[in-house]
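S.K.: Quick one: this structure, given as structure tokens, is what I'll be asking you about.
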Amino acid sequence: MELKQTPLFSMHQKYKGKLIDFGGWELPVQYEGIIKEHTMVREKAGLFDVSHMGEIDVKGKGAEDFVQYLTTNNIKKLAEKQVVYGLLCYPHGGVVDDLLVYKFSEEHYFLVVNASNTDKDFAWIKQNCPPVIEATNVSDQYAQLAIQGPKAQEILQKISDTDLESIKFFFFNPDVKLSGVRCIVSRTGYTGEDGFEIYVNPEQAGFIWEEILKAGGPDIAPIGLGARDSLRFEAKLPLYGQEIDQDITPLEAKLGFFVKLDNDDFIGRDALKQQKENKPARTQVEFYMLGRGIPRSHYDVTKDGKKIGWVTSGGYSPTLDKNIGLAIIDRQYSNVGEVMDIMIRDKPVQAQIAQGVFYKKKSKTKTAQ
Amino acid sequence: MNIPKDLLYSNDHEWVRVDGEQVYVGITDFAQHNMGDIVYVEMPEVDDEIEAGAQIGVIESVKAVSTMFCPVAGTITEINADLEDSPELLNEDPYKNHIVIVKMNNQDDLGQLLSPEAYEKLCAEAE
């Protein structure tokens, strides 16, 4: 089967990305090296090709009600040009996908979803869509780049006609000209640093990529999927298929902040209300390793020889220089300070549950007041 | 790809330096380059008795776990303790930083290993 290529494929070849099969997409796992790229984003800036992500337009009278019905978070209080993080749930409370919802107007919402779930999400939306609402998979119409890091704004400003300071955290401007090319620019990202996500016509993606690298000079570098994962993990940002999936609810994954149970109804609300009242039987915990070893996704977690859960994401944190992880375990063992075992190659290695284990996000949290 | 001429090689991308009855064993430049940033090394214990081709440890990069094999049969006489705190040494200089030293049972095992030229061919085919 042929792998799909993003509009930035020629850039990956030019900058010597190490190309791999990422869920059917031919994308670079790294350029210079994962740790080097990770550090670059934390200290200066990095440029990512995230064109494989999916984009879905929802348009029509009643679009607001419909998107609210699909999403756990409060959609109705969004201002125009605001963005919100939320989840699409099944009736039983498990997760279809997590996503960003961009409000263009009460009759036009732009949904940005995980690459691996685009088809599934679109089918889910169509399945629940009232006839007057038009839902379209527009993923092919957009390339997406992300520029992330403390120097992201300074670099992007050099080619932006808009004062980027005016784009607040979780807001977007659909009419920014980057080197004369019209783009949607949001102050959002998946790294825990300040930065922007840029949606642009596929034909001009390569041009914008080069313009950003030129503007940044030694302060920016192309970043691969390996560092994208290590950055989001270090900042404790969830990944579908690990922290959340069709059998893990947002409440179990400690994402209750993005689930408004006392607001308008949404698919899965009743099940989640019930789960909250009874307290989820399982819960997510942060941990760091006490013994030698690296915890990894899906490794078993045991206590006194009994399986109590599993690691959702784990690994080496370059910024913190520690082996850390997230696990979903039986609630009774989830107290801070508890020691548990991570099964690494059939041997138990001790880990301790703690709080504040992860990297403190440096995203600019100023809101438009 | 750096392939020193004074070493022997295995199909699993380990290098071997012969020193009398013992051999130094490590991973090649090809191996470290393919793995990417190495963040953890698990080594055998001193005095462990190993068969040729047996698994003796694990090398973890950021994204993957790789098995390490012992190219010759023998007894582990030394492990490189520096790698416990500084696994990245294997990326920095894979030939200067051995992983284990093995006292061979049988010098004939060396005959199973690849010459630098044969190893170079193996790498070319793997690309």
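The values are calculated or read from the model by the stated rules, or taken from the named source; none is laboratory data. Since this is a predicted model, take the numbers as computed values, not measurements. Positions of Cβ are backbone-derived with ideal geometry, glycine not excepted, and every protein chain shown enters the neighbour counts.
S.K.: Could you check the range A:115-160 and list, in sequence order, the residues that are more than 28 Å from A:HIS12 (Cβ to Cβ) and acidic (Asp, Glu)?
M.R.: Listed by number, the list holds a single entry, A:GLU134.
S.K.: Another question, then. Among A:ILE328, A:ILE308, A:ILE353, A:ILE342, which is within 14 Å of chain B (Cβ to nearest Cβ) and either assigned to a loop (DSSP other than H, G, I, E, B) or at negative phi (or both)?
M.R.: Just one listed residue meets the conditions, A:ILE342.
S.K.: Another question, if that's okay. For A:PHE66, work out the one condition from (1) buried (at least 16 other Cβ atoms within 10 Å of the Cβ); (2) closer than 29 Å to A:LYS4 by Cα; (3) among the hydrophobic types (A, V, I, L, M, F, W, C); (4) out of contact with any Phe, Trp or Tyr (no Cβ under 6 Å at 6 or more places or on another chain) it doesn't fulfil.
M.R.: Status for A:PHE66: all satisfied but (2).
S.K.: Another question, then. Scanning the range B:36-59 for residues that are within 14 Å of chain A (Cβ to nearest Cβ) and outside any strand (DSSP E or B), which turns out surrounded by the fewest Cβ atoms within 10 Å (Cβ to Cβ)?
M.R.: Per the criteria, the residue is B:GLU45.
S.K.: Looking at the range B:81-94 only, could you name the residues that are over 30 Å from A:ARG228 (Cβ atoms) and buried (at least 19 other Cβ atoms within 10 Å of the Cβ)?
M.R.: none
S.K.: Still on this structure, please answer the following. When the residues of the range B:79-95 are narrowed to those that are part of a helix (DSSP H, G or I) and over 23 Å from B:MET1 (Cβ atoms), which ends up farthest from the other protein chains (Cβ to nearest Cβ)?
M.R.: B:ASP82
S.K.: Please go through the range A:279-305 and give me each residue that is more than 25 Å from the chain's Cα centre (by Cα) and part of a loop (DSSP other than H, G, I, E, B), ordered by number.
M.R.: Once the filter is applied, which keeps residues that are more than 25 Å from the chain's Cα centre (by Cα) and part of a loop (DSSP other than H, G, I, E, B), the range A:279-305 yields A:LYS279, A:ALA281, A:LEU290, A:GLY291, A:ARG292, A:GLY293, A:ASP304, A:GLY305.
S.K.: Quick check: anything in the range A:233-240 assigned to a helix (DSSP H, G or I), in contact (Cβ under 8 Å) with a residue 40 or more places away in the chain and surrounded by 17 or more Cβ atoms within 10 Å (Cβ to Cβ)?
M.R.: yes
S.K.: Does the range A:1-51 hold any residues that are within 14 Å of chain B (Cβ to nearest Cβ), more than 14 Å from A:ARG228 (Cβ to Cβ) and touching a helix residue (DSSP H, G or I) at 6+ places or on another chain (Cβ under 7 Å), and which are they?
M.R.: A:LEU19
S.K.: Let me ask something additional. Go through A:LEU88, A:LEU3, A:LEU8 for me and flag whichever is modelled with pLDDT of 95 or more, in contact with a Leu (Cβ under 9 Å, 6 or more places away or on another chain) and under 30 Å from A:PHE257 (Cβ atoms).
M.R.: Going through A:LEU88, A:LEU3, A:LEU8 in turn, just one is modelled with pLDDT of 95 or more, in contact with a Leu (Cβ under 9 Å, 6 or more places away or on another chain) and under 30 Å from A:PHE257 (Cβ atoms): A:LEU88.
S.K.: Is it the case that some residue within the range A:255-270 is surrounded by fewer than 18 Cβ atoms within 10 Å (Cβ to Cβ), closer than 30 Å to B:VAL58 by Cα, of a type outside the set (Phe, Trp, Tyr) and touching a helix residue (DSSP H, G or I) at 6+ places or on another chain (Cβ under 9 Å)?
M.R.: No: zero hits.
S.K.: How many residues are among the aliphatic types (A, V, I, L, M) and within 16 Å of the chain's Cα centre (by Cα) when one looks only at the range A:214-266?
M.R.: 10
S.K.: Further question on the same structure: Which condition number in (1) surrounded by fewer than 22 Cβ atoms within 10 Å (Cβ to Cβ); (2) over 14 Å from the mean Cα position of the chain (by Cα); (3) within 11 Å of another protein chain (Cβ to nearest Cβ) is the one that B:VAL62 fails?
M.R.: Against the list (1) surrounded by fewer than 22 Cβ atoms within 10 Å (Cβ to Cβ); (2) over 14 Å from the mean Cα position of the chain (by Cα); (3) within 11 Å of another protein chain (Cβ to nearest Cβ), B:VAL62 comes up short only on (1).
S.K.: Would you pick out the residues in the range B:108-127 that are touching a residue at least 60 places away in the same chain (Cβ under 8 Å), loosely packed, with under 14 Cβ neighbours inside 10 Å and in contact with a strand residue (DSSP E or B) (Cβ under 9 Å, 6 or more places away or on another chain)?
M.R.: B:SER115, B:ALA118
S.K.: Taking the stated definitions as given, is A:LYS322 more than 14 Å from chain B (Cβ to nearest Cβ) and surrounded by fewer than 18 Cβ atoms within 10 Å (Cβ to Cβ)?
M.R.: Answer is no for this residue.
S.K.: Could you list all residues from the range A:224-241 that are more than 13 Å from chain B (Cβ to nearest Cβ) and either over 14 Å from A:TYR359 (Cα atoms) or touching a His at 6+ places or on another chain (Cβ under 8 Å) (or both)?
M.R.: Those that are more than 13 Å from chain B (Cβ to nearest Cβ) and either over 14 Å from A:TYR359 (Cα atoms) or touching a His at 6+ places or on another chain (Cβ under 8 Å) (or both): A:LEU239, A:TYR240, A:GLY241.
S.K.: Turning to a different aspect of this structure: Is it the case that A:VAL349 is touching a residue at least 12 places away in the same chain (Cβ under 8 Å), surrounded by fewer than 18 Cβ atoms within 10 Å (Cβ to Cβ) and of a type outside the set (Phe, Trp, Tyr)?
M.R.: No; evaluated as a whole, the condition is false for this residue.
S.K.: Might you let me know whether the range A:286-293 holds any residue that is closer than 19 Å to B:VAL65 by Cβ, of a type outside the set (A, V, I, L, M), within 14 Å of chain B (Cβ to nearest Cβ) and free of Cβ contacts under 8 Å to residues at least 60 places away in the same chain?
M.R.: Checked against the condition, which is being closer than 19 Å to B:VAL65 by Cβ, of a type outside the set (A, V, I, L, M), within 14 Å of chain B (Cβ to nearest Cβ) and free of Cβ contacts under 8 Å to residues at least 60 places away in the same chain, the range A:286-293 yields at least one hit.
S.K.: Using the structure shown, decide if B:GLU117 is within 14 Å of chain A (Cβ to nearest Cβ), under 17 Å from B:ILE3 (Cα atoms) and acidic (Asp, Glu).
M.R.: Here the answer is no, as B:GLU117 does not meet what is asked.
S.K.: Now a separate question. Scanning the range A:259-278 for residues that are assigned to a helix (DSSP H, G or I), without any contact (Cβ under 8 Å) to a residue 40 or more places away in the chain and in contact with a Leu (Cβ under 9 Å, 6 or more places away or on another chain), which turns out nearest to A:ARG331 (Cα to Cα)?
M.R.: Step by step, filter the range A:259-278, then rank; the result is A:LYS276.
S.K.: Next question, about the same structure. So, restricting to strands (runs of 3 or more DSSP E) that lie completely within the range A:69-142, which ones have at least 3 residues that are within 20 Å of A:LEU237 (Cα to Cα)?
M.R.: In the range A:69-142, the matching strands (runs of 3 or more DSSP E) lie at A:83-89, A:95-105, A:108-113.
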